[in-house]
Amino acid sequence: MRCPKCGHSDSKVTDTRSANGVSSIRRRRVCLGCGHRFFTNETVCEEYPIVIKRNGKEEEFDRDKVKIGLSKAFKKSANIGNKVDEIYARAIGEILSNHPNKICSETIGMIIMGLLKASDPAAYLRFASVYKNFETADDFAFEFRKMSSAKEDE
Ligand SMILES: [Zn+2]
């Protein structure tokens, strides 16, 4: 981090505080060249994997798409609370630690469905049907039918 006054490349951190919750911190620095004091704001930047779609095309990881899908799944659930955020955070965690570079869109769906299945079967079924619609993935249709027929058998 270069000194804005003299351009010296070394500075010493004299104070660190969180500025914006946990995602951003503010550092007070002093230039080792001229003694000028300045601040830096540092923000956590997550790097998301490239998503490989069913048709083989690659696209940017879309966090909103994941969250919207989850919100829809929980729409009619009674005690949503912060379930959406919780499942979302766990899904992102799993995606980042197991698939840091590339991930298939189906895999994202499977991860989320796996988490939903354990947490809220009704939301799981809704997610599966929503996902099937915007992904046109036969796997999800199959999974959805499998769950539906399992229910009928009970
Ligand atoms: Zn300086």
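The values are calculated or read from the model by the stated rules, or taken from the named source; none is laboratory data. Because the structure is a prediction, the values reported are computed rather than measured. Cβ: placed from backbone, ideal geometry, glycine included. Neighbour counts: every protein chain shown. To get the accessible areas, we keep the full protein, side chains included, count just its heavy atoms, and leave off ligands, DNA and RNA. Shrake-Rupley method; radii C 1.70, N 1.55, O 1.52, S 1.80 Å.
Hey, which of these cross-link pairs are over 31 Å Cα-Cα: K53/K117; K12/K83; K12/K65? Checking Cα-Cα distances, K12/K83; K12/K65 exceed 31 Å. If r is the Cβ-Cβ distance from E94 to H8 and R0 is 35 Å, what FRET efficiency results, to the nearest 0.05? For R0 = 35 Å, the calculated efficiency reads 0.20. Packing, as the average of other Cβ atoms within 10 Å across residues, places the peptides 113-126, 40-53 in the order 113-126, 40-53, highest first. The residues of the range 1-117 present an accessible area of 65 Å² per residue when probed at 1.4 Å with all protein chains retained.
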